[in-house]
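Quick notes on the structure that follows.
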Amino acid sequence: CKSTYDTAILGYHPFGQAQVDFGEVYAFHKGTMIKYYELVISFPASNAGYVQLCKSQNAECLLEGMQRIFEYIGGVPKRILFDNMSSAVAKILPKRERKLADSFSRFVMHHKFNAVFCNPNKGQEKGNVENKVGYKRRNYFVPVPTVNDLAEFNRNLLRICDEDIQREHYLKKELISELFKEDVEAMLPLPNERFKVTRLEKVKTDNYSFARFENNRYGTAPEYNKCEIWLEISADNVRVLNDKYEEVVVHKRCYEQAAQPIIDWLKYLGAITKKPNAFKYT
């Protein structure tokens, strides 16, 4: 994929094209203020924009958030402009070429859109989405919201974005919602099958059958100590698989460093019944 400048000339943008960026926001969860990331897809021709709240800027959050927006609006932009985020670009090559991250490359091929990238340190080349990130932060995350259920919060964000485009375009003097219909008409159709946003990592468990991923240790089951297992990683979960790809246990993905290993105690009941006195030392 080649780097490119934004196609805008004197404010002109073709319909059916988009820009993507992340921005930092804060929200309360269980009484604690946490940093989240707003993933914004803007459509410069109509000035519409849709946002999803993510726990990270990693590849799983990027792709899952984009896919939810595609499915909600009912189409895939033909051309999408990104900066050189590590979740999309593995390496910047000479002559404006890019080596794409594996999961991002498969996502692009599955949805058949043209992924293009700003020149390094030239975020202004995607000025529409940069402005939209600030707009969404000021209007959707002030005052600081409370997130009890992230999935429900994101569904509501999409509905709010629909309401927000029921206003006049600052330059074209038409409703943004009417202009956005032309954006959608110019887009690619959704693929027949949903892209599975996960990645597999092979890891070796320790003496206590814990698997280390990022900054945390995830429990498996007692019989899986000191052996190789697979982790199927999504934006929300870490699914433990044995060497036959059979599910052992599923954990919520932890984005902070947990003080203790993340354990599903039901998987350890068999071992505890054999050595009940060991439980108080776990």
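Can you tell me which of VAL133, VAL116 is within 21 Å of ALA59 (Cα to Cα) and part of a helix (DSSP H, G or I)? Exactly one residue qualifies, and that residue is VAL133. Is there a residue being at pLDDT below 90, assigned to a loop (DSSP other than H, G, I, E, B), under 23 Å from the mean Cα position of the chain (by Cα) and closer than 29 Å to ILE34 by Cβ anywhere in region 225-241? No: zero hits. Where residues in region 206-229 are open to solvent by less than 50 Å² (accessible area, probe 1.4 Å) and touching a Lys or Arg at 6+ places or on another chain (Cβ under 6 Å), which of them is nearest to GLU247 (Cα to Cα)? Going through the qualifying residues, I end up with ALA221.
Set side by side, the residues VAL108, VAL76 differ, and just one is of a type in the set (A, V, I, L, M), modelled with pLDDT of 95 or more and closer than 27 Å to LEU171 by Cβ, which is VAL76.
Which residues, taken from region 256-268, are surrounded by 11 or more Cβ atoms within 10 Å (Cβ to Cβ) and either of a type in the set (Val, Ile, Thr) or part of a helix (DSSP H, G or I) (or both)?
Filtering region 256-268 for residues surrounded by 11 or more Cβ atoms within 10 Å (Cβ to Cβ) gives 258, 261-264, 267-268.
Residues satisfying the conditions are ILE262, ILE263, LYS267, TYR268.
Show me the strands (runs of 3 or more DSSP E) entirely contained within region 151-222 in which 2 or more residues are over 17 Å from HIS13 (Cβ atoms) and either in contact with a His (Cβ under 9 Å, 6 or more places away or on another chain) or in contact (Cβ under 8 Å) with a residue 60 or more places away in the chain (or both). Break it down into steps so the answer makes sense when it comes.
Numbers: elements: 199-204, 210-213, 216-219.
Answer list for region 151-222: 216-219.
The residue pairs whose first member lies in region 252-265 and is farther than 19 Å from ALA221 by Cα, whose second member is part of a strand (DSSP E or B) and modelled with pLDDT under 90, and whose beta carbons are closer than 9 Å, counting only pairs six or more residues apart or on different chains, do not exist in this structure.
If you filter region 92-111 down to residues that are hydrophobic (A, V, I, L, M, F, W, C) and in a strand (DSSP E or B), you find that the one that is surrounded by the most Cβ atoms within 10 Å (Cβ to Cβ) is LEU100. Close contacts from region 94-107, counting a first residue that is more than 24 Å from PRO191 (Cα to Cα) and a second that is open to solvent by less than 60 Å² (accessible area, probe 1.4 Å) and in a strand (DSSP E or B), with Cβ to Cβ under 6 Å and a gap of 6+ residues or different chains, come to ARG96/SER3; ARG98/VAL89; ARG98/PHE117.
The values are calculated or read from the model by the stated rules, or taken from the named source; none is laboratory data. Everything numeric here is computed off the predicted structure, so don't read it as measured data. Glycine gets a Cβ as well: all are built from the backbone with ideal geometry, and neighbour counts include every protein chain shown. Heavy atoms of the whole protein, side chains included, go into the accessibility calculation; ligands, DNA and RNA do not. Shrake-Rupley method; radii C 1.70, N 1.55, O 1.52, S 1.80 Å.
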